[in-house]
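Colleague: Pasting a structure here, questions to come.
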Amino acid sequence: METGLRTASDSQGNEFDLVPWQCPTCGPGPVKVLGLRGGPSHHRYRLGIESRIVQCRGCQLIFPDPFPVPKSPQALYGDPANYFEAHDLDGKIRNYRELIRSALAKAGKGTDAAILDVGSGRGDLLRAAQLEGVPGAVGLEFSEAMIDFAARNFGLTVLNQSIEEHAGQKPGFYDVVILNAVLEHVYDPGSMIAAASKLLKPGGVLYLDLPQEPNLLTRLGNALNRLRRCRSVLNLSPSWPPFHVYGFNRKSLSTLLEKHGVGIESIRIYANARVPSRFSRKDRAIAFVGTQIMRLANLTGTAGNMFVWARRTGASG
Ligand SMILES: [Zn+2]
């Protein structure tokens, strides 16, 4: 059947549909083409497929157009067993306990708070809430392996549901909703924020942890490429892990949140300064320079991650 849709494959044979895309916040409107990202010509490890990366001229959101939609997402996300091995559970839970305490303080609630963690994974954050004496913390997660892990190890409540489905069942129920490293991955961030807003009580608290783009590293890298007359850019990883399909900054995030009755109260901008490298001397040199840039970025508010506290201000969406 001829659908008119173009497709592309990466070097591993993973197939993607290339779907014409527009800014999920502003709709059709002018975009600025930043450059090309991925594939043999536009990634330093030749990952993914070549995507054209654009930035909305209205809200500054960065996204690929056309948008590479994987034909079999499960194959791309891999085996959860690797995930369990690779992450330091105890260290994460310690950090999350601090986050839970901040969330309770901002929500003006005690241990009777209702907390929702969207994309709860192994349940690290829910476990932290449990250790802080909050029994009413619920997770949403699609991976049955993750749900099983959280239930078996900690007796945690994790539902195999989308945030949109959950919002239909529990409108206005939560004191705190947490979007920890999820908004940059979903195809429809507008629908996700609308659901998060709907789930919150009036005055309820939304916490987001997501990359900031552009940031100093992508700006410098892109400028350097332009000097070399190369069309590669460093923004996003639309067709390889960690599959970042949107790049938000303060403006694009606040525009999206305000559309759904959520106002930003504070943003901390920070990134771990260490840039990973592989074995070649050249690659280590690139990583060293990257690390120095990241240190500068942390000092100037242009680093690669945003930690955001926001609050539901408007009427239910
Ligand atoms: Zn926009």
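Colleague: List the strands (runs of 3 or more DSSP E) that sit entirely inside the stretch 147-226 and contain at least 3 residues that are among the β-branched types (V, I, T). Step through it out loud before you land on a result.
Modeller: On the way: elements: 157-159, 174-180, 200-211.
Because the criterion is at least 3 residues that are among the β-branched types (V, I, T), the strands (runs of 3 or more DSSP E) in the stretch 147-226 that meet it are 174-180.
Colleague: What are the residue pairs meeting all of these: first residue in the stretch 19-35, first residue touching a residue at least 24 places away in the same chain (Cβ under 8 Å) and of a type in the set (S, T, N, Q), second residue assigned to a loop (DSSP other than H, G, I, E, B) and within 14 Å of the ligand (Cβ to nearest atom), Cβ atoms under 9 Å, and 6 or more apart or on different chains?
Modeller: Q22/P28; Q22/G29; Q22/D65; T25/G58; T25/C59; T25/L61
Colleague: Further, regarding this structure: Among (1) assigned by TED's automatic domain parsing to the domain that holds L179; (2) under 26 Å from V69 (Cα atoms); (3) within 16 Å of the ligand (Cβ to nearest atom), there is one condition D209 misses while meeting the rest; what is its number?
Modeller: Looking at each condition in turn, D209 falls short on (3).
Colleague: Check P242, P276 and return the single one that is modelled with pLDDT under 95, touching a His at 6+ places or on another chain (Cβ under 8 Å) and surrounded by fewer than 14 Cβ atoms within 10 Å (Cβ to Cβ).
Modeller: That would be P242, the only listed residue that is modelled with pLDDT under 95, touching a His at 6+ places or on another chain (Cβ under 8 Å) and surrounded by fewer than 14 Cβ atoms within 10 Å (Cβ to Cβ).
Colleague: On the basis of being in contact with a Gly (Cβ under 6 Å, 6 or more places away or on another chain), farther than 30 Å from R127 by Cβ and modelled with pLDDT of 95 or more, does G58 make the cut? Walk me through it before giving the result.
Modeller: Values: in contact with a Gly (Cβ under 6 Å, 6 or more places away or on another chain): yes; farther than 30 Å from R127 by Cβ: yes; modelled with pLDDT of 95 or more: yes.
It is true that G58 is in contact with a Gly (Cβ under 6 Å, 6 or more places away or on another chain), farther than 30 Å from R127 by Cβ and modelled with pLDDT of 95 or more.
Colleague: Still on this model: Using beta carbons and a limit of 6 Å, which pairs, at least six apart or on different chains, have the first residue in the stretch 253-265 and touching a residue at least 12 places away in the same chain (Cβ under 8 Å) and assigned to a strand (DSSP E or B) and the second one aromatic (F, W, Y) and away from the ligand (no atom under 14 Å from the Cβ)?
Modeller: If the second residue must be aromatic (F, W, Y) and away from the ligand (no atom under 14 Å from the Cβ), the pairs left are E265/W309.
Colleague: Examine the stretch 244-255 for a residue that is away from the ligand (no atom under 16 Å from the Cβ) and farther than 27 Å from S197 by Cβ, and state whether such a residue exists. Outline the logic, then answer.
Modeller: The first filter runs over the stretch 244-255 and keeps only residues away from the ligand (no atom under 16 Å from the Cβ), leaving 244.
Subsequent filtering for residues that are farther than 27 Å from S197 by Cβ retains none.
Checked against the condition, which is being away from the ligand (no atom under 16 Å from the Cβ) and farther than 27 Å from S197 by Cβ, the stretch 244-255 yields no hits at all.
Colleague: If I filter the stretch 196-211 down to residues being under 16 Å from the mean Cα position of the chain (by Cα) and among the hydrophobic types (A, V, I, L, M, F, W, C), which single residue comes out as farthest from E165 (Cα to Cα)? Before you say what the answer is, go through the steps one by one.
Modeller: Quick first cut of the stretch 196-211, residues under 16 Å from the mean Cα position of the chain (by Cα) only: 196, 206-211.
Filter once more, keeping what is among the hydrophobic types (A, V, I, L, M, F, W, C): 196, 206, 208, 210.
Values: A196: 11, L206: 18, L208: 20, L210: 23 Å.
Restricting to residues being under 16 Å from the mean Cα position of the chain (by Cα) and among the hydrophobic types (A, V, I, L, M, F, W, C), the top hit is L210.
The values are calculated or read from the model by the stated rules, or taken from the named source; none is laboratory data. Note that the structure is predicted; figures quoted are calculated from it, not measured. When we count neighbours, we look across all protein chains shown, and the Cβ atoms used for this are built from the backbone with ideal geometry, even at glycine.
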